[in-house]
Amino acid sequence: QVQLVESGGGLVQAGGSLRLSCAASRSTFRINAMGWYRQAPGKSRELVATIASGGSSNYADSVKGRFTISRDNAKNMVSLQMNSLKPEDTAVYYCLVVGGQRNYWGQGTQVTVSS
């Protein structure tokens, strides 16, 4: 079992920046992909960015060029640097860790971007 602790959400004005972090408790299996998803009110959860164990990353078109995902394998941490934030980025952001043939989700952290 893996527990994920997220941090870094909050309220920011449009054009501002936030950094989300997610720390996974020590696991007994190899962690493969890590990533971030988000869910806005009334909408389905959607992919924001993922990063493989080797470092290759994938982004939603809506955040390309503005968000950067990174991971620290030694600390089992994944981070999301969010720049040039827009009101449409407002959502609950969830950390995802894939490993041991399971997906593990964080509790979610609220990001609110005011116009």
Residues of the range 97-113 being among the hydrophobic types (A, V, I, L, M, F, W, C), open to solvent by less than 20 Å² (accessible area, probe 1.4 Å) and touching a Phe, Trp or Tyr at 6+ places or on another chain (Cβ under 6 Å), in sequence order, are Val97, Val111
When restricted to Ala14, Ala60, the only residue in contact with a Ser or Thr (Cβ under 7 Å, 6 or more places away or on another chain) and at negative phi is Ala14
Reported set for the range 88-102 where residues are assigned to a strand (DSSP E or B) and either touching a Lys or Arg at 6+ places or on another chain (Cβ under 6 Å) or farther than 11 Å from Glu46 by Cβ (or both) is Ala91, Val92, Tyr93, Cys95, Leu96, Val97, Val98, Gly99, Arg102
Residue hits (the range 60-79; more than 17 Å from Ala14 (Cα to Cα) and touching a residue at least 24 places away in the same chain (Cβ under 8 Å)) are Ile69, Arg71, Asn73, Lys75, Asn76, Met77, Val78, Ser79
Within the range 80-110, residues out of contact with any strand residue (DSSP E or B) (no Cβ under 7 Å at 6 or more places or on another chain) and more than 17 Å from Ala14 (Cα to Cα) come out as Gly100, Gln101, Arg102
Can you find a residue that is out of contact with any helix residue (DSSP H, G or I) (no Cβ under 9 Å at 6 or more places or on another chain), among the aliphatic types (A, V, I, L, M), touching a residue at least 40 places away in the same chain (Cβ under 8 Å) and part of a loop (DSSP other than H, G, I, E, B) anywhere in the range 2-16? yes
In the set Ser21, Ser84, Ser79, the lone residue that is at pLDDT 95 or above, polar (S, T, N, Q) and surrounded by fewer than 15 Cβ atoms within 10 Å (Cβ to Cβ) is Ser84
Within the range 24-65, the residues that are polar (S, T, N, Q) and either surrounded by 17 or more Cβ atoms within 10 Å (Cβ to Cβ) or assigned to a strand (DSSP E or B) (or both) are Asn32, Gln39, Thr50, Ser57, Asn58
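The values are calculated or read from the model by the stated rules, or taken from the named source; none is laboratory data. Nothing here was measured: the structure is a model prediction, and the numbers come from that model. Every residue, glycine as well, gets a Cβ built from its backbone with ideal geometry; the counts of neighbours run over all protein chains shown. Areas reflect the complete protein model, heavy atoms only, side chains present, ligands, DNA and RNA absent. Shrake-Rupley method; radii C 1.70, N 1.55, O 1.52, S 1.80 Å.
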